[in-house]
Protein chains: 2
Amino acid sequence: MKHIDTVYPKKPSPCNCLNVRRASRAVTDFYDTVLKPSGLTVAQLSLLLNLKAAEPATIGGLAAVTRIDRTTMNRNLKPLADAGLLTVSPGGDSRTRQVALTDAGREAAAKGKVLWREAQAALKEYLGEEDLARLTALLAKLEALAP
Amino acid sequence: MKHIDTVYPKKPSPCNCLNVRRASRAVTDFYDTVLKPSGLTVAQLSLLLNLKAAEPATIGGLAAVTRIDRTTMNRNLKPLADAGLLTVSPGGDSRTRQVALTDAGREAAAKGKVLWREAQAALKEYLGEEDLARLTALLAKLEALAP
DNA sequence: GCGATTAACGTGTATATGCACATTATCTGC
DNA sequence: GCAGATAATGTGCATATACACGTTAATCGC
């Protein structure tokens, strides 16, 4: 039997949603591959960098700046805490938790950022500056679809 | 304390990857909301419709046409099989499995498609035909990033 | 036709995502 | 200052995603 790609050739999907989802997977894969040596996924690096900028932050606060669901953020913190890159401790307000980077976390974020810049540059080269700007504008508009 | 959105106002992310990921979540959420009455997510509806077009298909074949990882497809079939919308049975080749729609699956897909058309139309209206075409082209190029 | 290769699939593990519901603590109006 | 509203978090459940590894069966080279 021939290779499966020759039997099922790629063709554009009529569904705009699937197109965005597939692009998201592809771009995520691309960034994750570039970031691989850092041991971080692009989602994790983003979390660390956002934390660095917002530190010390609450879980809800981090969720808000990253625009990720609060409960998702809650769980996404776990592997990073387990890896010793951040700490989650009781906040001043007894309802809140304080999330803070560790030294290891700061270091990992710095190393990741170097690789991230490579990925950014590669994507810019790939799309061209103009198309990248158009894409960014369109994505922003799409994001506004969500309430 | 003020509402959290006033403390952490939205601002564009410098990371192209995150922008795509967020847009993906937003558009998925939008489609899923429209599809809600059908009881299907956009990913599930897509699976059913692709299956309808490719029936009878193997798991790998379905994965290829939908451009989803084979093992992901394997697991995504489970809830739909549990809901009685499709069946997974041994294929002619003893290595393969045959995936087929049930009558309930065909019906669910048809109902879902009506709602899906609404979502498609709404998005087209929201972005405008021209921008939608631009977006589609850009997303296709992004998807080509993945090997 | 036999051994090596390849194809198709399943599963363990891990991350990511978000809804519904519950808990606890602060705050607000009176 | 107490009752009700609100805020911040945690958890159960379900889906989606994919890598690494293992299994089984067909295929290919000779």
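The values are calculated or read from the model by the stated rules, or taken from the named source; none is laboratory data. None of the values given here were measured: they were computed from a predicted structure. Cβ coordinates were reconstructed from backbone atoms using ideal geometry, including for glycine residues, and neighbour counts include every protein chain displayed.
Summary table
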{"quantity": "Scan of the range B:56-84 for residues that are surrounded by fewer than 16 Cβ atoms within 10 Å (Cβ to Cβ) and within 7 Å of DNA strand C (Cβ to nearest atom), ordered by number", "calculated": "B:R70, B:T71, B:R75"}
{"quantity": "Unmet criterion (only one of (1) within 11 Å of chain B (Cβ to nearest Cβ); (2) over 25 Å from B:L138 (Cα atoms); (3) hydroxyl-bearing (S, T, Y)) for A:S89", "calculated": "(1)"}
{"quantity": "Among the residues listed as B:T102, B:T136, B:T71, the single one being more than 15 Å from DNA strand D (Cβ to nearest atom), farther than 16 Å from A:N16 by Cα and more than 14 Å from the chain's Cα centre (by Cα)", "calculated": "B:T102"}
{"quantity": "Residue that is within 14 Å of chain A (Cβ to nearest Cβ) and within 30 Å of A:D32 (Cβ to Cβ), where the choices are B:L115, B:L127", "calculated": "B:L127"}
{"quantity": "So B:L132, is it in contact with a helix residue (DSSP H, G or I) (Cβ under 6 Å, 6 or more places away or on another chain) and either in contact (Cβ under 8 Å) with a residue 60 or more places away in the chain or farther than 19 Å from B:L35 by Cα (or both)", "calculated": "yes"}
{"quantity": "Conditions (1) without any contact (Cβ under 8 Å) to a residue 60 or more places away in the chain; (2) within 14 Å of chain A (Cβ to nearest Cβ); (3) over 18 Å from B:A43 (Cβ atoms); number of the one not met by B:A122", "calculated": "(1)"}
{"quantity": "Only listed residue being part of a helix (DSSP H, G or I), away from DNA strand D (no atom under 12 Å from the Cβ) and more than 30 Å from A:D29 (Cα to Cα), chosen from B:V114, B:V65", "calculated": "B:V114"}
{"quantity": "Odd one out for A:R95 among (1) under 30 Å from B:D32 (Cβ atoms); (2) within 12 Å of chain B (Cβ to nearest Cβ)", "calculated": "(1)"}
{"quantity": "Residues of the range B:24-55 that turn out to be within 13 Å of DNA strand C (Cβ to nearest atom), at the interface with chain A (Cβ under 8 Å from one of its Cβ atoms) and crowded, with 17+ Cβ neighbours inside 10 Å, as a count", "calculated": "9"}
{"quantity": "Cβ pairs under 9 Å, 6+ apart, first in the range B:59-71 and more than 13 Å from B:A43 (Cα to Cα), second within 7 Å of DNA strand C (Cβ to nearest atom) and among the β-branched types (V, I, T)", "calculated": "B:I59/B:V88; B:I59/B:T96; B:G60/A:I4; B:G60/B:T96; B:G61/A:I4; B:G61/B:T96; B:A64/A:I4; B:R70/B:I59"}
{"quantity": "Flag for A:L139 being touching a residue at least 12 places away in the same chain (Cβ under 8 Å), part of a helix (DSSP H, G or I) and under 26 Å from B:T28 (Cα atoms)", "calculated": "no"}
{"quantity": "Top-ranked residue of the range A:85-108 - restricted to ones that are assigned to a loop (DSSP other than H, G, I, E, B) and within 12 Å of DNA strand C (Cβ to nearest atom), ranked as nearest to A:L51 (Cα to Cα)", "calculated": "A:L85"}
{"quantity": "Qualifying residue in the range B:61-82 (condition: out of contact with any helix residue (DSSP H, G or I) (no Cβ under 9 Å at 6 or more places or on another chain) and within 13 Å of chain A (Cβ to nearest Cβ))", "calculated": "no"}
{"quantity": "Selection status of A:A108, among the hydrophobic types (A, V, I, L, M, F, W, C) and either more than 9 Å from DNA strand D (Cβ to nearest atom) or at pLDDT 95 or above (or both)", "calculated": "yes"}
